[in-house]
Amino acid sequence: MEAGREGQPPPGKKRKGPEAAIAAKYRRGPEVATRRIEDKKLKGKLRYTERLVADAQQAAAKVEEWLLPAEAGELEAEGMERTWRFSQADIAQAVEAGAARKAFDLQLPALGPYSLAFTRSGRHMLLAGRKGHLALMDWQRHRLVCEVQVKETVHDACFLHNEQFFAAAQKRYTYIYDKRGLEVHCLEDTTEATRLEFLPHHFLLSSVGSTGVLRYQDTSTGRIVATHRTKQGPCDVMRQNPWNAVLCLGHGNGTVTMWTPNITTPVVRMLCHHGPVRSLAVDGSGRHMVTTGADGQVKVWDLRTFQPLHAYYSPSPAEWCDISQRGMLAVGYGRRIQVWKDALSGKQQSPYMTHRLAGGTLRNFRFVPYEDVLGIGHSGGMSTMLVPGAGEPNFDSFVANPYQTDKQRKEAEVHMLLDKLQPEMITLDPSSVTQVVREPREVQKEKQAAAEEANRARQAERRAKNEEKTKMKGKNKPSRRQGKKQANIIEERKPAIKARMREQGVAAEHGHKRERQEPAVPDGVPRALHRFFKKSAGMLHGARVALGRRVQRAGRSTWAASGADSAAAAAAPAPVAEQPPLEQQQAPKQQQQAPKPLVLEPLTSEQLERNAAIVERLRGQLILAPLTRGNHLPFRRLCADFGAEVLFSEMAFARPLLKGDRKERAMLRRADNEKTYGVQFATNQISEGVGAAEAAAEAGADFVDLNVGCPIYEATRRGLGAALLRKPAKLAKLVNGIALKSPLPLTVKIRLGENDDKINVEEVVGLLQAAGAAAVTVHGRTMLQRYKRPASWELIERVARMHSVPVVGNGDVLTHYEARRRMDSHGCHAVMVGRGALIKPWLFWEHKEGRELAPTAAERVAIYRRLVAYMKEHFRDDERGKRAAFYFLPWHFNFFCRYRPMPEEVYGAASLQQPLISTRWDSIACAELGETVAELDPLERLLRCESEAAFCPIAEALWEAGSDADAEAALRRLAADSLAGWEEELRASGRDSGRDEAVEG
């Protein structure tokens, strides 16, 4: 047999036993025949190379035989047996002792149910009990690393890049702990999270929760990378695709959405179930996804086509599912867990294994990486299940090493940070990151042809210029050549620029207005003296322009002509060319800048009658202003109980309202006791305004109001709110267009102007009157002033007496006698109140009765409890409703605490000097009324306490109280326990460090 035949070992080498068959797998082609090679040197090198290849084959065969078993072990049934009938006790007796120790139960019934997570190497396990128990353990060695009780609800927990740190989603915030159980960080931006996922290659901690907001936070820098509003409601199902790091979210409407941090909308949206999605899982290759739903189905999806492959039906809706490294599918419901083999590639008729928990109800489970073990978290603690063939038997120590030392861990951590991927690289198809998007050939050819044509034209122009030039000595120096090149670039643009300047009346050489011609120089004057004539002409022109401006200001054109001629005669030593009058020189410019006439269409008689009817209902009323965050339906009900007859909704943005935004739609809802109800919206488009008015009519509103006064940046940056005051003519067209097509009367709320230098309220009100506004509300501040200065009621009075349109005054009204004075002496049709109503909801009763109500502390507690009762009725009396209500309730106490009794006989004179609402009290007691802090009732002191730390406990006590007496007793206990500390904090911080002001629309 020839030595060069394939499979023959080189001389001196013999292969025996199974190694020969295994080594054949690693053969790199036929061996080189060296017998007929005459060059001894070459023959020796080739033989040496062949020996190296043979040694490498044998070494690889030994490694495969001893360290890398070709196949993982699995359960095998004989005869009539079925693998799903094997119990965990039978399996534990059959496996070796080390594997049998991995099957155990942890009984923790008091703090469950438990969820669990494993590190990437599978060595460490994290337990998270619902009642605040967190434990980190080396589960294979049965060694507890740390244990901590956080004393609040824990929704989920996960490891970060290794076992040194882990994150826990607790009741309010998400916290980061180290392996000693010490709190390292509080992620205040990640609120109310119920699910956490860590993307190891990007160092991103992802969270989603009851708010439906998906957040990505970089754990290496602490920066929020992206925040996406899913707009699908609360979400508690989230898993990542290990292949591309895309997050999959399951929602209550049966859809699964896929998200990346660099796109604000889902990259994929799939309808998977006819009911809420309970859980989902994605295999390691990223090809298959498994979802379980409340409809009792378990579906397998192909993520390459986003189509279902097959579906299984479970006896009851599956609560959790997971996929192992080798593609086994585990599905659990109640106390039962089923493991399916090859369930992703094809539909199976029976499960691979089944297991029933001895006690407790299933919470979640996870396959342990590189182990044939399934970890199960349940209400009774934690259990493990042996699943032969589930884990990958071969691990890569550079990716996940279960046996790494501290030094290896530190090196691996550094390598992970160096290899960190940026969030922008997360896409559905990771292979597309390295591809170059090329333009079509047609576009490339067009660009190339255009570039060649431009180069040819430029070269031809340069040649023509060079031929016209007269060559002179010294013109070919390097500096001159560089100057020529630069001049060629500039000269190409000069003709077009000069032409535009000539059209605009600008001198092309010096950039100023061409307002005079070159002076005439008498014959016979030497050229060296011409400059004196130019200077004289310049003096003449300057005198003419200066006098002309004075004439324009004073309006005396006749004097200007004679004065200019006399000044010219005195200044000119020689005659110059006669200049045209200044009025003629500026005439073309004035004609160019003449504004187009504003054309507004008048309202019909029916629309005018409708406006008159709503104006009559507003006459003499104290109107509740449209307050951002304050004018929710329960608060409007409370104000209506105290006699408010005209009330506004919160300001709604018209565009999202018309797109069906539920939050904006909810603002339009009307309470049963609201007599006259108006809806305010913000827009700068006629079509949007008409659509918003139609939506308001459907909600039962009596009229609508256009917001032209909101100073917040979120509105003004879009050209809404007070930003509309910058262009009064455009505002008038907008109001006219909405008023003509609106099914309801239209009023407008404005401010004095943009700033102190641009106060145009008189012009704006006149245009709004012509545009068809039924009434105009004027807030006595500019957009930039917000609430920093007192409102200017002098300007409001001037506008009210100047125009016939009804004017509603707004700004700095806290008492009934201030409101009465504004109506009587300032000519206002009505008065609008904002912060005053937030401080005193009973202000409307005082306005009607004409006297101070002055409720006691116990009576105010009853009033505040009525607001809480309305909130429970509106938002529902459950945990979710409480969360919604507590967005408003503690915020209200920021205003309730400012209440002080203000009888007219004591404070009436002071209100003439300064608005009472802007008074900053030096003490919680009013010295003018003879009050002292020591004599005040503790309940009164608590209700007047301005510490932000007191607002939530007060709101909590009111929410939990069953009656007014219970609420009063709870607040008195709270005052005895905490009031002194809160007051001390206020004194230490200097008090009144800053108050949250309500923004009126």
**OP:** Report, by residue number, each residue of the stretch 700-716 that is open to solvent by 10 Å² or more (accessible area, probe 1.4 Å) and acidic (Asp, Glu).
**Re:** 702, 714
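Is it fair to say residue 244 is touching a helix residue (DSSP H, G or I) at 6+ places or on another chain (Cβ under 6 Å) and either assigned to a loop (DSSP other than H, G, I, E, B) or without any contact (Cβ under 8 Å) to a residue 12 or more places away in the chain (or both)?
It is true that residue 244 is touching a helix residue (DSSP H, G or I) at 6+ places or on another chain (Cβ under 6 Å) and either assigned to a loop (DSSP other than H, G, I, E, B) or without any contact (Cβ under 8 Å) to a residue 12 or more places away in the chain (or both).
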**OP:** Return yes when residue 772 is closer than 25 Å to residue 754 by Cβ, within 39 Å of the chain's Cα centre (by Cα) and without any contact (Cβ under 8 Å) to a residue 60 or more places away in the chain and no when it is not.
**Re:** no
Original post:
Wholly within the stretch 137-185, which strands (runs of 3 or more DSSP E) include no fewer than the required count, namely at least 1 residues that are open to solvent by 50 Å² or more (accessible area, probe 1.4 Å)?
Top reply: 143-149, 165-170, 173-178
Original post:
Which residue pairs have Cβ atoms closer than 7 Å, lie 6 or more positions apart in sequence or on different chains, and pair a first residue in the stretch 408-426 that is at positive phi with a second residue that is outside any loop (DSSP other than H, G, I, E, B)?
Top reply: none
**OP:** Restricting attention to the stretch 60-78, report how many residues are at pLDDT 75 or above and either open to solvent by 50 Å² or more (accessible area, probe 1.4 Å) or within 55 Å of the chain's Cα centre (by Cα) (or both).
**Re:** 6
Original post:
Of all residues in the stretch 205-217, which are more than 14 Å from the chain's Cα centre (by Cα) and modelled with pLDDT under 95?
Top reply: 209, 210
Original post:
Restricted to the stretch 339-361, and to residues that are under 24 Å from residue 250 (Cβ atoms), open to solvent by 20 Å² or more (accessible area, probe 1.4 Å) and in contact (Cβ under 8 Å) with a residue 60 or more places away in the chain, which residue is farthest from the chain's Cα centre (by Cα)?
Top reply: 351
Original post:
Counting only residues that are more than 19 Å from residue 736 (Cα to Cα), outside any loop (DSSP other than H, G, I, E, B) and modelled with pLDDT of 90 or more, how many does the stretch 614-640 have?
Top reply: 14
Original post:
So which residues in the stretch 670-699 are open to solvent by less than 30 Å² (accessible area, probe 1.4 Å), more than 29 Å from the chain's Cα centre (by Cα) and more than 19 Å from residue 721 (Cβ to Cβ), if there are any at all?
Top reply: 671, 674, 676, 677
Original post:
Taking residue 791, is it in the same structural domain as residue 633 (by the TED database) and either at pLDDT 90 or above or over 39 Å from the mean Cα position of the chain (by Cα) (or both)?
Top reply: no
Original post:
Which numbered condition trips up residue 225, out of (1) in contact with a Pro (Cβ under 6 Å, 6 or more places away or on another chain); (2) in a loop (DSSP other than H, G, I, E, B); (3) surrounded by 17 or more Cβ atoms within 10 Å (Cβ to Cβ)?
Top reply: (2)
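Just to verify a result, which residue in the stretch 717-735, among those that are under 25 Å from the mean Cα position of the chain (by Cα) and surrounded by fewer than 18 Cβ atoms within 10 Å (Cβ to Cβ), is modelled with the highest pLDDT? Working first, answer last.
Quick first cut of the stretch 717-735, residues under 25 Å from the mean Cα position of the chain (by Cα) only: 717-723.
Still in the running and surrounded by fewer than 18 Cβ atoms within 10 Å (Cβ to Cβ): 717-719.
Working: 717: 87, 718: 87, 719: 90.
Among those that are under 25 Å from the mean Cα position of the chain (by Cα) and surrounded by fewer than 18 Cβ atoms within 10 Å (Cβ to Cβ), it is 719.
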Subject >> Pair list, Cβ under 6 Å, 6 or more apart: the stretch 29-55 residue surrounded by 12 or more Cβ atoms within 10 Å (Cβ to Cβ), other residue of a type in the set (Gly, Ala, Ser) >> reply: 33/4
Original post:
Which members of the stretch 925-979 meet the condition of being open to solvent by 60 Å² or more (accessible area, probe 1.4 Å), in contact (Cβ under 8 Å) with a residue 24 or more places away in the chain and of a type in the set (Gly, Ala, Ser)?
Top reply: 976
**OP:** Restrict the check to the stretch 366-373 and report whether at least one residue is among the acidic types (Asp, Glu), out of contact with any helix residue (DSSP H, G or I) (no Cβ under 6 Å at 6 or more places or on another chain) and loosely packed, with under 13 Cβ neighbours inside 10 Å.
**Re:** no
**OP:** Restrict the check to the stretch 231-240 and report whether at least one residue is in a loop (DSSP other than H, G, I, E, B), open to solvent by 40 Å² or more (accessible area, probe 1.4 Å) and basic (Lys, Arg).
**Re:** yes
**OP:** Would you confirm whether any residue within the stretch 618-638 is open to solvent by 60 Å² or more (accessible area, probe 1.4 Å) and among the hydroxyl-bearing types (Ser, Thr, Tyr)?
**Re:** no
**OP:** Please state which of the following conditions residue 422 fails to meet, knowing it meets all the rest: (1) modelled with pLDDT of 90 or more; (2) within 29 Å of residue 128 (Cβ to Cβ).
**Re:** (2)
Original post:
Among the candidates 869, 909, which residue alone is over 21 Å from residue 672 (Cβ atoms), open to solvent by 40 Å² or more (accessible area, probe 1.4 Å), assigned by the TED database to the domain that holds residue 944 and of a type in the set (A, V, I, L, M)?
Top reply: 909
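Could you say which residue among 287, 278, 229, 269 is closer than 22 Å to residue 205 by Cβ and in the same structural domain as residue 191 (by the TED database)? Steps first, please.
Numbers: 287 fails: closer than 22 Å to residue 205 by Cβ; 278 fails: closer than 22 Å to residue 205 by Cβ; 269 fails: closer than 22 Å to residue 205 by Cβ.
Of 287, 278, 229, 269, the one residue that is closer than 22 Å to residue 205 by Cβ and in the same structural domain as residue 191 (by the TED database) is 229.
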Original post:
Could you list, in sequence order, the residues of the stretch 297-325 that are surrounded by fewer than 17 Cβ atoms within 10 Å (Cβ to Cβ) and not in a strand (DSSP E or B)?
Top reply: 304, 305, 306, 315, 316
**OP:** Could you tell me whether the stretch 795-812 includes any residue that is within 27 Å of residue 628 (Cβ to Cβ), part of a strand (DSSP E or B) and of a type in the set (S, T, N, Q)?
**Re:** yes
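Yes/no per residue for (1) out of contact with any Phe, Trp or Tyr (no Cβ under 9 Å at 6 or more places or on another chain); (2) assigned to a helix (DSSP H, G or I); (3) surrounded by 19 or more Cβ atoms within 10 Å (Cβ to Cβ):
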{"position": "821", "(1), (2), (3)": "yes, yes, no"}
{"position": "824", "(1), (2), (3)": "yes, yes, no"}
{"position": "827", "(1), (2), (3)": "yes, no, no"}
{"position": "832", "(1), (2), (3)": "no, no, yes"}
{"position": "845", "(1), (2), (3)": "no, yes, no"}
{"position": "855", "(1), (2), (3)": "no, no, no"}
Subject >> Selection status of residue 288, within 23 Å of residue 369 (Cβ to Cβ), surrounded by fewer than 22 Cβ atoms within 10 Å (Cβ to Cβ) and over 28 Å from the mean Cα position of the chain (by Cα) >> reply: yes
Subject >> Which listed residue is outside the structural domain of residue 887 (by the TED database) and without any contact (Cβ under 8 Å) to a residue 12 or more places away in the chain, from 221, 174, 194 >> reply: 221
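The values are calculated or read from the model by the stated rules, or taken from the named source; none is laboratory data. Bear in mind that the values here come from a model prediction, so they are computed numbers and not experimental data. In this analysis, Cβ positions are derived from the backbone assuming ideal geometry, glycine residues included, and neighbour counts consider all displayed protein chains. All accessible areas refer to the heavy atoms of the entire protein, side chains included, with ligands and DNA or RNA removed. Shrake-Rupley method; radii C 1.70, N 1.55, O 1.52, S 1.80 Å.
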